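Presented below is the structure to which this report refers.
The values are calculated or read from the model by the stated rules, or taken from the named source; none is laboratory data. Predicted model, so just to flag it, every value in this text is computed and none were measured. Ideal geometry is used to build each Cβ from the backbone, glycine not excepted, and the neighbour counts take in all protein chains shown. Protein only, heavy atoms only, side chains kept; ligands, DNA and RNA dropped before computing areas. Shrake-Rupley method; radii C 1.70, N 1.55, O 1.52, S 1.80 Å.
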Amino acid sequence: MKKRIRWKTILNFSIVLIIILGCLYYQAAINQQKSSSSVDEVGNVKSEKNKKNENDIKLTTPKVRPLATSQLAAYIGKSSNKITADFGQPVDKLQSADNVEWWLYNLNQSDYLKVGIDQYTKRVCDIFTIGQDTRQGKLKVGMSFKKLLKLTTLYANFKFNYHEQTFQYELSERALNQHPLISFKNGSYAIAYLQPGSKKVYALEYLNTDMLVKKQLYHLVAQVPLPVQYQGKVDWDNLSQMLPVDLLQLINAKRMQAGQQSLQLNDNLNLKAQSLLTKVINQPGAVVATKYAANLKQIANDEFYNRKFVLLQRKNLKKQVVADLAVTSKNSLMLVAPFYSSLTIFEKPELLKMVINKLITDKPQPVGMAYSHGILIVVTGRSEN
């Protein structure tokens, strides 16, 4: 009797156990099916989301707190009449390759200043200074990077509207440490060009959005292409004569600040520079290696949107060209392109470092320059016939 009850109990327990295990297995199967379905659904959504992000660039940026508009920044967007009323007539005027007329002030002084007037609107679009002008406000040439950081937060992202479209600049760590961008409450900007090594503000450029876009100085994030910048007719005769003079004025202003004597143009070195320039424009392949020649040819043909920068020295030229020019190891030679404004030396840190070392802080020496169609040649050192 007891044995029968024991077997009956074991049988009942086994049946119950089988039922429980069956229920657990069924529940696990259902959950697995739901889980698999959920993973597939999430996976598909995630895939679609990633696909969407690949095609559509989302512009995100922290809210930038602009600086109170400084005195020079306040002139951006003003009529050219306001400049003549406050600054007087310019000492000289310089045409450009981007529809801007530059008004030059304080020539032969350490407080060199130039004002860009948009030729369509006749309004101020750019102000560039390398001196200690009292109208700079809190943002000053010569201030340390540390003081600059105390004055304002340096942002890596700037969202802006241009021709009814939204764009965004993303500044790399390198850009933030070489030419950080600062915004003002009146909608203008300032680029603080830092001196290599010392990290002091070496020059300041105040500008509007149009000029900022033309510079192509920062990485652009855009959902649509930038509107094409109209390139007006360039007076190369005027630029070929005036740009080297303007560049030398700028260099000499910095030399004055460094306590150095001014540089003077040398006729013989000018001829050497012009001879080299003519060869580069007409036969770039005979002057430099193939990897540079094609780019120089495009620049010489006035393809203004070719932005592949070229900076060459004597060692980069073919030996026969160097021999024909009769330049020696005592001569420094620079070929720079594209070069449409003397401000280019500040926009390119590698060029700025070379200019500072060879033309600004070095002892006085003869210099020759030649320029046309976006190509600049500079030859310095002892002149030989």
Query raised in the report: In this structure, is Leu335 in a helix (DSSP H, G or I) and modelled with pLDDT of 95 or more?
Result: no
**Report entry** Qualifying residues in segment 298-307 (those that are at pLDDT 90 or above and surrounded by 14 or more Cβ atoms within 10 Å (Cβ to Cβ)) - the one nearest to Leu351 (Cα to Cα)
**Finding:** Ile299
Query raised in the report: Taking the stated definitions as given, is Tyr206 at pLDDT 95 or above, under 22 Å from the mean Cα position of the chain (by Cα), outside any helix (DSSP H, G or I) and among the hydroxyl-bearing types (Ser, Thr, Tyr)?
Result: yes
Query - Per-region count, segment 76-100, residues open to solvent by less than 30 Å² (accessible area, probe 1.4 Å), modelled with pLDDT of 90 or more and not small (Gly, Ala, Ser) - result: 5
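For every residue, the table says whether it meets (1) closer than 26 Å to Lys114 by Cβ; (2) open to solvent by 60 Å² or more (accessible area, probe 1.4 Å); (3) touching a strand residue (DSSP E or B) at 6+ places or on another chain (Cβ under 9 Å); (4) not hydroxyl-bearing (Ser, Thr, Tyr).
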{"residue": "Val287", "(1), (2), (3), (4)": "no, no, yes, yes"}
{"residue": "Lys291", "(1), (2), (3), (4)": "no, yes, no, yes"}
{"residue": "Leu296", "(1), (2), (3), (4)": "no, no, yes, yes"}
{"residue": "Phe309", "(1), (2), (3), (4)": "yes, no, yes, yes"}
{"residue": "Asn331", "(1), (2), (3), (4)": "no, no, yes, yes"}
{"residue": "Pro338", "(1), (2), (3), (4)": "yes, no, yes, yes"}
{"residue": "Glu347", "(1), (2), (3), (4)": "yes, no, yes, yes"}
{"residue": "Leu351", "(1), (2), (3), (4)": "yes, no, yes, yes"}
Query raised in the report: Going through segment 264-278 one residue at a time, which ones are part of a helix (DSSP H, G or I) and surrounded by 19 or more Cβ atoms within 10 Å (Cβ to Cβ)?
Result: Leu269, Asn270, Lys272, Ala273, Leu276, Leu277
Report task. Examine segment 210-223 for a residue that is surrounded by 14 or more Cβ atoms within 10 Å (Cβ to Cβ) and in contact with a His (Cβ under 8 Å, 6 or more places away or on another chain), and state whether such a residue exists. Result -> yes
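Each row is one residue, and each column tells you yes or no for (1) open to solvent by less than 40 Å² (accessible area, probe 1.4 Å); (2) free of Cβ contacts under 8 Å to residues at least 24 places away in the same chain.
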{"site": "Gln119", "(1), (2)": "no, no"}
{"site": "Phe128", "(1), (2)": "yes, no"}
{"site": "Gly131", "(1), (2)": "yes, no"}
{"site": "Leu139", "(1), (2)": "yes, no"}
{"site": "Met143", "(1), (2)": "yes, no"}
{"site": "Leu149", "(1), (2)": "no, yes"}
{"site": "Glu170", "(1), (2)": "no, no"}
{"site": "Ala175", "(1), (2)": "yes, no"}
{"site": "Tyr202", "(1), (2)": "yes, no"}
Query raised in the report: Of all strands (runs of 3 or more DSSP E) completely enclosed by segment 99-188, which ones contain at least 2 residues that are within 17 Å of the chain's Cα centre (by Cα)?
Result: 124-129, 157-162, 165-170, 181-183
